[in-house]
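The values are calculated or read from the model by the stated rules, or taken from the named source; none is laboratory data. Owing to the predicted nature of the structure, the values given are computational and were not obtained by experimental measurement. Note that each Cβ is placed from the backbone with ideal geometry, even for glycine, and that neighbours are counted across all protein chains shown. Calculation scope for accessible area: heavy atoms of the full protein, side chains included, ligands and nucleic acids excluded. Shrake-Rupley method; radii C 1.70, N 1.55, O 1.52, S 1.80 Å.
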Amino acid sequence: MTDHDPVSAMRRGIDAVRKQDYLKGLTLLTEAYANRREIPGPDGLSYYALCVALVEKKYKPAIDLCNKAIEMQFYHSEHYVNLAKVYLAADHRRKALSTIEKGLKVLPGDESLLGLQSDLGQRRKPPIPFLPRTNPLNVALGRARHARETASKRKK
């Protein structure tokens, strides 16, 4: 293997992203994919997409690349995790949670998906479930519920 071996660059790029060194990951993964004419394999594609989103702030192409990786390897949880992180970077929390739920349908019990889901938390049901979440009654009651719970936590 040489320094310019695409497989080696891809592995090092993925390792860099896993260590949250997104700039180095972007550089290495760009190098790995630079001379390929066909669509690259999905192994590094979602990691490359995550770097594009976090470093270059190009969310739409990053979302498309993650979805391509999922299309190619729907049974790999890291692709769902990376897509959820891209959605979070783009400030689309609801889509991130939806992506995690889709991943858990394919891979129930996956620790990385469950961990991210736990970190994000889940929205509670609206106080009046048959009304839309945005209904003024649900908004007011939800805020009151939150204020009450926050106050009781402070007393403890």
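Sorted largest first by accessible area at a 1.4 angstrom probe radius, with every protein chain in place, the residues Arg123, Arg18 fall in the order Arg18, Arg123. Peptides 88-96, 72-80 ranked from most to least packed, by the mean per-residue count of other Cβ atoms within 10 Å: 72-80, 88-96. Do any of Lys19/Lys68; Lys58/Lys153; Lys57/Lys155; Lys85/Lys105; Lys19/Lys60; Lys24/Lys95 go past 30 Å between their Cα atoms, and which? Too far apart for the 30 Å limit: Lys58/Lys153; Lys57/Lys155. Under the simplified labelling scheme, the Ala144-Ser98 pair shows an inter-label distance of 3.2 nm, with each label point 7 Å from Cα along Cα→Cβ. Diffusion coefficient of segment 1-124 by Stokes-Einstein, Kirkwood radius over Cα pairs, 37 °C, 0.692 mPa s: 226 µm²/s. Across segment 87-99, coupling constants 3J(HN,Hα) worked out from phi with the 6.51/-1.76/1.60 Karplus curve, θ = phi - 60°, read 4, 5, 5, 7, 6, 10, 4, 4, 5, 5, 5, 5, 5 Hz, and Gly and Pro carry x.
Each part gets one Cα centre, and for segment 54-72 versus segment 14-32 those centres are 15 Å apart. In the full protein context, the chain carries 65 Å² of accessible surface per residue, based on a 1.4 Å probe and ignoring ligands, DNA and RNA. Per-atom-type breakdown for the chain gives carbon and sulfur 54% of the accessible area (1.4 Å probe, protein chains only).
Site pair Phe74 and Ser118 shows an inter-label distance of 2.8 nm when each label is modelled 7 Å from Cα along Cα→Cβ.
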